[in-house]
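Colleague: A single structure is presented below for examination.
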Amino acid sequence: MTDETQPSDASTAAKIDTAVPQTARVWNYWLGGKDNYAVDRALGDQIAKEFPIIVDIARADRAVLNRAVRYLAGEAGVRQFLDIGTGLPTTNNTHEVAQQAAPDARIVYVDNDPLVLVHARALLTSGPEGATDYIDADLRDTDTIFREAGRTLDLTQPVVLMLSGILAHLPSVEEARTVVRRTMDRLAPGSYLVVCDGTNTNPELNEVMKIWNATANPPYAMRSPEEIASYFDGLELVEPGLVDVTRWHIDPAGTQPLHNLVGVARKLA
């Protein structure tokens with residue numbers, strides 16, 4: 001996307017702030033995408049200069065989510081995915097990975113970034129045996145999410161709830177836990193929760209996030225491993241548990257920890 005590119009929908013275009021870096025667009029830049037503006041690239045480059053492995057973190061997060069989706073659609077046999085905070089489409093999106101493993105998989109994406117909305121409508125397609133849909137809603141608006149998701153998903157059957165890099169945008173861990181619990185409570189037994197988020201265990205990264213929070217929108221609250229673990233209270237973690245993104249279902253030999261954690265857990269009842 002060039003800085004002059006604008007969506008065709010005037011009302012949506014008016015909501016896109018090209019003067020302030022946005023999480024989805026900076027992340028898109030680090031992943032090698034083109035749906036970003038000069039202000040996003042400038043911040044992305046500034047952070048990468050201060051903390052070069054941030055690009056590795058972005059790509060490792062995407063890779064581990066692909067492994068989780070592949071596992072859940074394949075070995076675990078789940079056919080429905082609710083991906084909240086999906087971000088901008090790039091490659092190996094949730095529906096692509098899930099439908100490679102299970103062509104009849106059904107995926108609903110949720111985000112409230114206006115640029116994500118524009119591209120989701122155009123790019124998030126489906127194979128003929130499955131289905132995809134997109135909901136323009138806030139993470140906290142559970143009623144809207146479930147009302148709209150019910151058009152595509154059978155909510156009496158297991159669903160994978162994916163929350164990658166989104167819970168840290170909520171101002172407190174208490175609110176994040178409440179959102180997770182409220183959403184999981186409405187999913188059927190046998191459903192899964194996937195969470196991927198950054199921790200506050202790397203002092204250098206903590207300093208870089210001060211730059212982010214002073215510049216970009218929305219802010220990102222780094223949390224402790226114990227706080228992230230609390231999202232899975234009452235659920236059964238899939239082996240190897242809550243681990244660094246470089247350690248989940250991959251040979252970790254020689255891999256540098258990236259201080260981002262991922263966990264996959266099953267709702268038993």
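Colleague: So, Gly150, is that one small (Gly, Ala, Ser) and either modelled with pLDDT of 95 or more or under 16 Å from Arg106 (Cα atoms) (or both) or not?
Modeller: Answer is yes for this residue.
Colleague: Right, here's the next one. For residues in region 215-249 being at pLDDT 95 or above and hydroxyl-bearing (Ser, Thr, Tyr), which is surrounded by the fewest Cβ atoms within 10 Å (Cβ to Cβ)?
Modeller: This residue is Ser224.
Colleague: Here's a follow-up. Looking at the structure I just gave you, is Tyr37 out of contact with any Cys (no Cβ under 8 Å at 6 or more places or on another chain), modelled with pLDDT of 85 or more, within 19 Å of Ile166 (Cα to Cα) and among the aromatic types (Phe, Trp, Tyr)?
Modeller: So Tyr37 fails the test.
Colleague: Would you mind listing the helices (runs of 4 or more DSSP H) fully within region 131-236 where at least 3 residues are aliphatic (A, V, I, L, M)?
Modeller: Answer list for region 131-236: 173-185, 203-215.
Colleague: Moving to a separate point now. Residues in region 111-125: is at least one under 21 Å from Arg186 (Cβ atoms), over 16 Å from the mean Cα position of the chain (by Cα), free of Cβ contacts under 8 Å to residues at least 24 places away in the same chain and part of a helix (DSSP H, G or I)?
Modeller: Checking region 111-125: not a single residue is under 21 Å from Arg186 (Cβ atoms), over 16 Å from the mean Cα position of the chain (by Cα), free of Cβ contacts under 8 Å to residues at least 24 places away in the same chain and part of a helix (DSSP H, G or I).
Colleague: Which pairs turn up if I take residues in region 8-31 that are assigned to a helix (DSSP H, G or I) and basic (Lys, Arg) and look for partners that are at pLDDT below 70 and surrounded by 15 or more Cβ atoms within 10 Å (Cβ to Cβ) with beta carbon separation below 9 Å, at least 6 apart in sequence or on another chain?
Modeller: Arg25/Met1
Colleague: Select from region 80-96 the residues that are out of contact with any Pro (no Cβ under 8 Å at 6 or more places or on another chain) and modelled with pLDDT of 95 or more and list them in ascending order.
Modeller: Selection gives Phe81, Leu82, Asp83, Ile84.
Colleague: Just to be sure, is Asp113 more than 20 Å from Leu237 (Cβ to Cβ), surrounded by fewer than 24 Cβ atoms within 10 Å (Cβ to Cβ), among the acidic types (Asp, Glu) and modelled with pLDDT of 95 or more?
Modeller: So Asp113 does not fit the description; no.
The values are calculated or read from the model by the stated rules, or taken from the named source; none is laboratory data. Predicted model only: the values in this text are computed from it and were never measured. Methodologically, a virtual Cβ is constructed for each residue, glycine included, from the backbone with ideal geometry; neighbour enumeration extends over all protein chains shown.
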